[in-house]
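Take a look at the structure below.
Readers should treat all values here as calculations from the given coordinates under stated rules, not as data from a laboratory. Note that the coordinates shown come from a computational prediction; the quantities given were computed from them, not determined experimentally. All Cβ positions, glycine included, derive from the backbone under ideal geometry; neighbour counts span all protein chains shown.
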Amino acid sequence: MLLLNTIRSPHDLKKLALEQLPQLAAELRTQIIDTVSKTGGHLAPSLGVIELTIALHYVFDTPRDKIIWDVGHQAYAHKLLTGRQARFHTLRQFGGLSGFPKRAESPYDTFDTGHSSTSISAALGVATGKCLKRERRRVVAVIGDGAMTAGLAFEGLNNAGDLNKNLIVILNDNEMSISPNVGALSSYLSRKLTGKIMVYMKRQLEGFLRSVPGIGEELVALARKSEESLKSFLTPGMLFEALKFTYLGPVQGHRIDHLIETLNNVKNLSGPVLVHVLTTKGKGYQPAECDPTSFHGLGCFDLETGEPKKSVSQVPSYTELFGDTLVKLAAEDKRIVAITAAMPDGTGLVNFRLHYPDRFFDVGICEQHAVTFAAGLAVEGLRPVVAIYSTFLQRAYDQLLHDVCLQNLPVVFALDRGGVVGEDGETHQGLFDLSYLRHLPNMVVMAPKDEDELRHLLYTALHHQGPIAMRYPRGTGVGVPLSPTLQKIPLGQAEVLAEGEDLLILALGASVHPALKAARELQARKYSATVVNVRFVKPLDQAQLLSLAARHGRVLTVEENVAMGGFGSAVLELLADHGLYGIPVKRLAIPDTFVEHGTPKILRQKYGLDAEGILTSALKLLEQPAMPQKVVWGRF
């Protein structure tokens with residue numbers, strides 16, 4: 001019988017003997033690899049922390065002791081050990097388990113995570129709260145996978161050192177980016193120097209030294225300095241010690257016995273402690289170990305070869321075409337530079353990095369820095385392009401406002417994964433960018449209807465003398481032919497794609513082609529609709545949209561964004577500002593909610609954003625009487 005089948009909670013895990021735990025780790029690896037091959041997901045990060053996960057639940061009394069997983073895509077083994085084994089096959093599927101920790105899913109999930117670098121701040125808040133409530137429980141933050149590069153992580157470390165609360169930070173170092181000083185000696189010292197006997201001896205020695213008349217405190221300070229010098233010589237802990245953390249490590253992250261011994265010792269320490277654990281991303285699955293970047297997050301794949309199961313589409317993705325077009329434009333304009341926040345592959349900048357290494361900047365998981373860094377480049381006359389996921393740009397709102405828009409600097413924001421994204425769920429759906437961008441003064445906001453229009457809008461953006469954002473969806477384009485030459489599109493200019501009399505459909509970005517399909521279905525029902533590819537959320541094509549709205553008397557807006565403050569809201573404001581109050585307007589958008597995980601097809605169907613949903617909304621709107629009106633210019 002598999003050991004994993006006997007584990008329903010960490011309580012069952014604690015019944016296993018130490019010598020059984022490597023077998024459990026192997027079974028967890030098999031289960032995770034098999035499941036992710038069918039569902040897709042974050043494979044390499046989770047494989048790298050299996051032994052660490054076992055050790056944490058073996059040592060600490062969860063869920064009374066709290067574990068907070070940074071980013072959250074390291075948490076698959078955590079889910080399997082905390083009562084979710086029977087549902088693990090539903091990972092990232094609509095209605096199934098989330099790919100990230102969720103408080104609503106399990107009492108063992110302390111904090112919802114999906115974006116990086118939040119764990120230390122959140123864990124410090126939890127630890128401080130427990131202190132105020134006089135609860136003597138341990139709180140552990142597990143951070144890694146590049147998350148330590150973000151400023152928020154160091155803000156949390158800095159405050160934790162100052163507050164001096166009992167907090168344990170596990171640094172999962174799977175890139176060996178912090179320390180080359182790896183070896184048996186440093187690992188041995190970190191484990192042994194934190195044992196109960198050694199901790200007791202250190203405290204007794206400090207007490208004795210303090211008792212020496214006149215010079216006691218100086219002797220204690222000298223002893224501590226000697227200890228820190230030894231640790232700094234053998235380990236890379238100087239930075240964390242400077243932040244008032246007790247630093248332990250590096251510890252081998254795939255030796256369960258070493259991890260358990262270290263964590264048991266750490267439980268006896270007071271104040272903030274950082275344990276530096278060295279792991280191998282993708283551990284135990286050769287394709288993932290050899291190529292951890294590709295196996296960081298992926299779709300379904302063949303277990304034997306690691307190759308993706310889905311056939312390669314002949315239609316390029318929006319991401320690919322963005323990257324290819326930027327490379328072409330950079331050959332013509334040496335001012336163009338590209339910036340990514342630790343995602344050159346995901347944002348399509350790999351070829352740019354190969355062609356123009358001196359003009360490519362990967363700043364790490366530091367979105368705030370990326371935006372202000374781009375602003376500085378723009379001040380020097382360069383044309384920075386910040387390629388970033390829509391959901392991650394949210395983290396740099398103040399930098400957008402204060403450092404770019406306030407100075408009206410020509411920074412281009414290429415927002416990948418705009419709209420419904422899919423299986424990564426609430427934290428990754430790009431459904432807020434239209435709302436948080438369009439109200440910023442000087443900002444231009446646009447979205448292409450297809451992959452060819454993306455190329456023209458990028459060309460347009462790079463010739464604009466101010467901040468400009470282009471959002472586009474995840475996945476392949478619609479298969480349109482590509483124009484041989486690129487042209488600038490006048491800012492705000494909308495495009496009428498179909499003419500009709502009964503209804504005006506204003507669609508944006510990925511919603512345009514489903515709107516056209518819905519219009520064809522309306523024709524079969526003896527209705528005719530005008531369909532407009534708006535292209536620009538800001539500025540709107542005011543004259544054309546007002547004229548069309550006044551003539552048709554009914555307006556349906558369609559967007560993959562939250563309804564509040566989005567494109568539909570911009571249209572309502574336009575109509576109200578010009579006195580067109582009586583026209584029935586239906587905004588088809590995401591309601592006031594966070595969108596769960598599921599395939600984009602399922603999610604668009606659920607929220608009425610596919611062709612059938614647009615048709616249904618159009619038919620309901622057509623039940624209302626049309627209210628044609630006369631446009632009164634300048635009325636506010």
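Subtracting the Cα-Cα distance from 0.36 nm times the residue separation, let me have the gained length for Leu303 to Ser270 in nm, one decimal. Write down the numbers at each step before the final one.
Working: separation 33, 0.36 × 33 = 11.88 nm, distance 4.53 nm.
Gain in length upon complete extension: 7.4 nm.
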Excluding Gly466 itself, what net charge comes from residues whose Cβ is under 15 Å from its Cβ, given Lys and Arg +1 and Asp and Glu -1? +3
Points 7 angstrom from Cα along the Cβ direction at Tyr527 and His355: gap in nanometres? 4.6 nm
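To the nearest 20 debye, what charge dipole does the chain have about its Cα centre, counting +1 at the Cβ of each Lys and Arg and -1 at the Cβ of each Asp and Glu? Write out the running numbers ahead of the final one.
Values: 66 positive and 65 negative charges, 302 e Å.
The calculation lands at about 1440 debye.
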Quick check for you: which residues of the range 537-581 have the amide N under 15 Å from the point 7 Å beyond the Cα of Val478 toward its beta carbon? 558-560
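Quick one: dipole size for the range 407-538, taken about the Cα centre, charges +1 on Lys/Arg Cβ and -1 on Asp/Glu Cβ, in debye to the nearest 20. Walk me through the numbers before you get to the answer.
Values: 13 positive and 14 negative charges, 43 e Å.
Using Cβ point charges on Lys, Arg, Asp and Glu, the range 407-538 gives about 200 debye.
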Charge tally in the Cβ shell below 13 Å around Ala494, where Lys, Arg are +1 and Asp, Glu are -1, Ala494 excluded: 0
Which values of log₁₀ I(q)/I(0), to two decimal places, follow from the Debye formula for the chain at q = 0.05, 0.07 Å⁻¹ with a uniform point scatterer at every Cα? -0.28, -0.52
Low-density loop cleavage sites - GluC sites (Glu not before Pro) in the range 307-408, where at most 15 other Cβ are within 10 Å (DSSP): Glu380
P(r) over all Cα-Cα pairs of the range 496-622, 5 Å bins from 0 to the longest distance, whole percent per bin, short to long, reads 2, 11, 24, 25, 21, 11, 5, 1, 0
At 0.36 nm per residue, minus the direct Cα-Cα distance, what do Lys328 and Glu499 gain on full extension? Give it in nm, one decimal, please. 58.0 nm
Net charge near Gly40 (other residues with Cβ under 9 Å of its Cβ; Lys, Arg +1; Asp, Glu -1) is +1
Using the beta-carbon distance between Met627 and His402 and R0 = 45 Å, what value does 1/(1 + (r/R0)^6) give for FRET efficiency, to the nearest 0.05? 0.60
Any chance you could check the Cα centroid distance between the range 77-111 and the range 325-399 for me, in angstrom? 35 Å
When Ser9, Ser569 are arranged by how many other beta-carbons sit within 10 Å of their Cβ, fewest first, they go Ser9, Ser569
State, to one decimal in nm, how far the label point of Ala17 lies from the label point of Leu619, with both points 7 Å from Cα in the Cβ direction. 6.8 nm
Using +1 at the Cβ of each Lys and Arg and -1 at the Cβ of each Asp and Glu in the chain, identify which of Val531, Val275, Thr305 lies farthest towards the dipole's positive end. Val275
When each pair of different Cα atoms in the range 1-135 is counted once in the 1/r mean, what is the Kirkwood radius in angstroms, to one decimal? 15.3 Å
